[in-house]
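Reading through the structure tokens given below for one structure.
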Amino acid sequence: MNRYVVWSAVWFGLIAAGFFIADHFTAPAPVHVGTLGEGTREIAIPVARDGHYYVDGAINGVPLRFMIDTGATYVSVDADFARAARLPKGVRGYFSTANGGVEGEIVKNQEVSVDTFRVSGLSIAVTPAQSTVGLLGQNFLRRFDVTQSEGVLRLRLHAAPAGSG
């Protein structure tokens, strides 16, 4: 009987070690930020194991992990983050989500940053019980060229053309 417990523990240990080794080698590469030339800047975001793209950013300087959501109209956060970030009270809004309709607020004129990219004057959707991850929606993304290929999503911001003002 004692022998079975020992062998079970050995097998469990081998399986756990294999899982942690596989987890380490399959972890997504870090987000890469670079300049491509002619003033074009890019953030390359590798796909996560769950098939989504995540990037660290901030709202009004308060850090938050975002999931890129090309189907979301607004940058969206949960009510707990909104309180922690001291977002002002917004106007009532109704949102269609993957889990159905929810009531929340729209807080106007906020700044969202992802690495060195900053966009001011955005409306933020504040919804109850979302998650600890914010959604980076179209009101932020439409300011960039967004492409996805070979497991990498790229956000590209082009420099303003010469003479534009």
Checked the stretch 101-128 for anything within 18 Å of Pro88 (Cα to Cα) and not in a strand (DSSP E or B); matches are Pro128
Among the residues of the stretch 36-75, count how many are assigned to a loop (DSSP other than H, G, I, E, B), within 21 Å of Val152 (Cα to Cα) and of a type in the set (D, E, K, R).
3
I'd like to check something: does the stretch 76-84 contain any residue that is modelled with pLDDT under 95 and part of a loop (DSSP other than H, G, I, E, B)?
no
Pick from the stretch 97-119, criterion within 17 Å of Gln138 (Cβ to Cβ) and of a type in the set (A, V, I, L, M, F, W, C), ranking: surrounded by the fewest Cβ atoms within 10 Å (Cβ to Cβ)
Ala98
Of the criteria (1) modelled with pLDDT under 95; (2) within 21 Å of Val47 (Cα to Cα); (3) surrounded by 15 or more Cβ atoms within 10 Å (Cβ to Cβ), which one Ser131 fails:
(3)
Output for the stretch 85-100, where each listed residue is part of a strand (DSSP E or B) and touching a strand residue (DSSP E or B) at 6+ places or on another chain (Cβ under 8 Å)
Val91, Arg92, Gly93, Tyr94, Phe95, Thr97
Checking the condition in contact (Cβ under 8 Å) with a residue 24 or more places away in the chain and touching a Ser or Thr at 6+ places or on another chain (Cβ under 7 Å), which residue from Gly137, Gly90 passes?
Gly137
For the stretch 68-96, give me the residue count where each residue is under 16 Å from Asn139 (Cα atoms) and under 14 Å from the mean Cα position of the chain (by Cα).
9
Suppose the filter is without any contact (Cβ under 8 Å) to a residue 40 or more places away in the chain and not acidic (Asp, Glu); does Val102 pass it?
yes
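The values are calculated or read from the model by the stated rules, or taken from the named source; none is laboratory data. In this text the structure is predicted, and so the values were computed from the model without any measurement. Every residue, glycine as well, gets a Cβ built from its backbone with ideal geometry; the counts of neighbours run over all protein chains shown.
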